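Below is one structure; the comments refer to it alone.
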């Protein structure tokens, strides 16, 4: 990774299996598509992608994919989730590997924003993560949705989460939407 904002997806995800690599490729392509928004919203182009280096595993599990300084020079953490097709739902991960009792990112992240990006519609949903967690766990809203196993990709871990309608999150938590081509 270079600090001028250029990003290489080479070795971003360690090859574990084809499903994992495919999911990583989608995530990488989403981050690349979102870089113009990060660049235009950051203070003097200051941002860091947390995918490489000695502390990358810690950063990925705590603040997410991007740390950046906004125009008022505050630093923000952003977790980016990318899906190829708009589904009408968010997949909110509760278990990263349920069979090994590994909690998912809804439990472990302490980031500021969740950016959920749908590539087909070029729509980014920006959600304040603390508000989403409060809604999910303090108000126990997430438990009204049955646990679903991620089956889009074959992978070693068994990832489970809740499929939550976007409209519900919009109404009860709040979402700011950005459209590629219009907003960035």
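Throughout, read-outs are computed from the coordinates displayed, never taken from laboratory work. Predicted model only: the values in this text are computed from it and were never measured. In this analysis, Cβ positions are derived from the backbone assuming ideal geometry, glycine residues included, and neighbour counts consider all displayed protein chains.
What ranking of 151, 25 emerges when the number of other C-beta atoms within 10 Å of each C-beta is taken as an exposure proxy, fewest first?
Taking fewest neighbouring Cβ atoms as first place, the list is 151, 25.
For the chain, what is the percent of antiparallel DSSP beta bridges, rounded to the nearest 5?
Numbers: 29 of 35 bridges.
Here the share of antiparallel DSSP bridges comes out near 85 percent.
Could you tell me the relative contact order of the chain? Use alpha-carbon pairs under 8 Å, at least six residues apart, and round to a whole percent. Intermediate values should be presented prior to the final figure.
Numbers: 333 pairs, mean separation 37.9, N = 184.
Relative contact order here is 21 percent.
Determine, for each peptide in 70-80, 42-52, 107-117, the mean count of other beta carbons within 10 angstrom over its residues, then list the peptides with the highest first.
Going by the mean number of other Cβ atoms within 10 Å, highest first, we get 107-117, 42-52, 70-80.
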